[in-house]
Amino acid sequence: NAGVTQTPKFQVLKTGQSMTLQCAQDMNHEYMSWYRQDPGMGLRLIHYSVGAGITDQGEVPNGYNVSRSTTEDFPLRLLSAAPSQTSVYFCASSYSQASPWEKLFFGSGTQLSVL
Amino acid sequence: GDSVTQMEGPVTLSEEAFLTINCTYTATGYPSLFWYVQYPGEGLQLLLKATKADDKGSNKGFEATYRKETTSFHLEKGSVQVSDSAVYFCALRRSILTGGGNKLTFGTGTQLKVEL
């Protein structure tokens with residue numbers, strides 16, 4: 001079972017560059033989300049989606065865009081990377097949009113460095 | 001706002017030792033509480049949860065009891081194994097009645113190393 005797949009695993013960008021972090025799940029989950037993990041700060045929610053065509057902001061959305069054109073995919077776009085976006089990014093999905101916190105399935109993460 | 005505080009790691013134990021990882025929280029009302037585990041090279045996985053005061057969540061030999069009076073949800077295991085080496089995250093979700101949305105609030109994580 002593939003579960004939640006994130007690509008790439010590692011990425012180095014220069015300030016001002018753009019890129020897209022990919023996230024795909026094969027479990028037909030309605031709910032998908034992006035978190036970032038920074039030292040000493042735990043995981044913080046960036047954006048989330050409760051279904052295709054529906055997205056909403058989390059607690060740290062600035063500098064990131066998302067879209068949800070299919071149930072399976074939820075890409076995270078950095079339009080102009082900044083050093084403050086250096087972090088580990090996790091995509092997570094859940095079968096239940098009513099109670100997504102009940103059991104989240106996480107990808108293995110993308111480590112991003114912005115120079 | 002909501003917050004979760006975990007003990008700093010790394011915690012290093014010998015195999016078969018007793019494990020406690022402390023977790024305390026600040027939140028309005030009666031949140032649901034979770035422990036997630038991240039094994040090396042993998043994503044986080046739900047380990048256990050508790051949704052109301054005095055509930056005990058348990059899984060794979062791990063236990064945690066929701067203590068409203070001390071706002072705590074400490075993780076325990078009676079005898080750890082090398083395979084338990086991982087990073088453990090405590091998390092909460094505020095109840096719907098107090099504005100809980102589609103968001104988990106995570107602690108910073110505690111790394112556990114178990115040695116032979």
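Every number in this text was worked out from the coordinates using simple rules, so none of it is lab data. Being a predicted model, the structure only gives us computed values, none of them experimental. Every residue, glycine as well, gets a Cβ built from its backbone with ideal geometry; the counts of neighbours run over all protein chains shown.
Partner lysines whose Cα lies under 30 Å from the Cα of B:LYS52, excluding those fewer than 8 positions away in the same chain, are identified as A:LYS103, B:LYS60, B:LYS68, B:LYS77, B:LYS103. For region B:1-70, the list of GluC sites (Glu not before Pro) that fall in a loop by DSSP and count at most 12 other C-beta atoms within 10 angstrom reads B:GLU8, B:GLU16, B:GLU69.
With a cut-off of 14 Å on the backbone N, no residue of region A:55-96 is near the modelled label site 7 Å out from A:VAL12 along Cα-Cβ. Sparsely packed loop sites in region B:1-108 (the chymotrypsin sites (Phe, Trp or Tyr not before Pro) outside DSSP H, G, I, E and B with at most 16 other Cβ atoms within 10 Å) comprise B:PHE18. Its alpha carbons give chain B an Rg and a Dmax of 13.8, 47 Å.
Subtracting the Cα-Cα distance of A:ASN62 and A:THR20 from their residue separation scaled by 0.36 nm leaves 13.6 nm.
For the protein assembly as shown, just run the numbers: alpha carbon Rg, then divide by 2.2 N^0.38 Å, N being how many residues it has. All intermediate terms of the calculation are to be shown ahead of the outcome.
Numbers: Rg = 17.6 Å, N = 231, 2.2 N^0.38 = 17.4 Å.
Compactness ratio reported: 1.01.
Rounded to whole numbers, the Karplus 3J(HN,Hα) couplings from phi for region A:54-70 are 10, 9, 8, 7, x, 8, 9, x, 5, x, 10, 10, 9, 8, 9, 8, 10 Hz, using 6.51 cos²θ - 1.76 cosθ + 1.60 with θ = phi - 60°, and x at Gly and Pro.
What's the exposure ranking of B:LEU33, A:LEU45, B:LEU48, going from fewest to most Cβ atoms within 10 Å?
Numbers: B:LEU33 28, A:LEU45 22, B:LEU48 19.
If I rank by nearby Cβ atoms, fewest first, I get B:LEU48, A:LEU45, B:LEU33.
Placing pseudo-labels 7 Å out from each Cα toward the beta carbon at B:THR28 and A:ALA52 gives an inter-label distance of 3.6 nm. The radius of gyration of the Cα set in chain A, together with its Dmax, comes out at 13.2, 39 angstrom.
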